[in-house]
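Encoded as structure tokens, the structure appears first; notes follow it.
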Amino acid sequence: MKAHLTRRYRFSASHRLHNAEMSDDENRATYGKCNNPYGHGHNYALEVTVSGAVDPATGMVCNLVDLDSCVETEVLSRYHLENLNTRQEFAVTIPTTENLCIQIFDILHRRFPHAHLERVRLEETMMNSFEYAGGQELIS
Ligand code: NI
């Protein structure tokens, strides 16, 4: 009997969407204002969904303290108040919120052993959110 648990977190980071393989005109046409050379920031809302059996001893899918400490150590401390473009994982990969969502899923998939990671959902603005549930190799 499987139950799902979703926990919500917040962090802020900046990025610039720019592909070095494209001309300046192509970059502006592709990314619009997000190609501004000075970058811009977002207040991201991150939702992490895990699943598993409800432990009869604790009544929980997993301990929220474990989940919070993993997300804090592996994700929030890595990205909060950072310029995503300066991160090694975004040296080549464009730091769109799609790619950030995939990156966060891959980190938590490797680092959170206490429950099955179902899905990561990342809200970039009131109007945009992205989801990733694994199942595909990253295109490199
Ligand atoms: Ni943006």
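Look at Thr73, Thr93 and count the other Cβ atoms within 10 Å of each Cβ; fewest to most, that gives Thr73, Thr93. Put in line by how crowded their Cβ is, counting other Cβ atoms within 10 Å and starting with the fewest, Tyr132, Tyr38 read Tyr38, Tyr132. Listed from fewest to most Cβ neighbours within 10 Å, the set Val65, Val48, Val54 follows the order Val65, Val54, Val48.
Let me check I've understood the local charge: for Asn19, count other residues with C-beta under 13 angstrom from its C-beta, Lys and Arg +1, Asp and Glu -1. What total comes out? Summing Lys and Arg as +1 and Asp and Glu as -1 gives -2. Comparing Glu123, Glu47, Glu89 in a Gaussian network model of the chain, where Cα atoms under 10 Å apart are tied by springs, the biggest mean-square fluctuation is seen for Glu89. The Kirkwood hydrodynamic radius of the chain, based on inverse pair distances between different Cα atoms, is 16.2 Å. Listed values for region 63-75 are Karplus-derived 3J(HN,Hα) couplings in whole Hz (6.51 cos²θ - 1.76 cosθ + 1.60, θ = phi - 60°), namely 6, 4, 4, 5, 5, 4, 5, 5, 5, 4, 5, 8, 10, and x replaces Gly and Pro. Of the residues Met22, Met127, Met60, the one that moves most in a GNM of the chain with alpha-carbon contacts below 10 Å is Met127. Residues considered: Asn99, Asn83, Asn19. Largest GNM mean-square fluctuation over the chain, using C-alpha springs under 10 Å, is found at Asn19. Excluding Asn128 itself, calculate the net charge of residues whose Cβ lies under 12 Å from the Cβ of Asn128, where each Lys or Arg counts +1 and each Asp or Glu counts -1. So the environment of Asn128 carries a net charge of -3. Between Cys34 and Asn19, the simple spin-label model (points 7 angstrom out along Cα→Cβ) gives 1.2 nm.
Since every read-out is calculated from the coordinates, none of them should be taken as a lab result. Being a predicted model, the structure only gives us computed values, none of them experimental. Ideal geometry is used to build each Cβ from the backbone, glycine not excepted, and the neighbour counts take in all protein chains shown.
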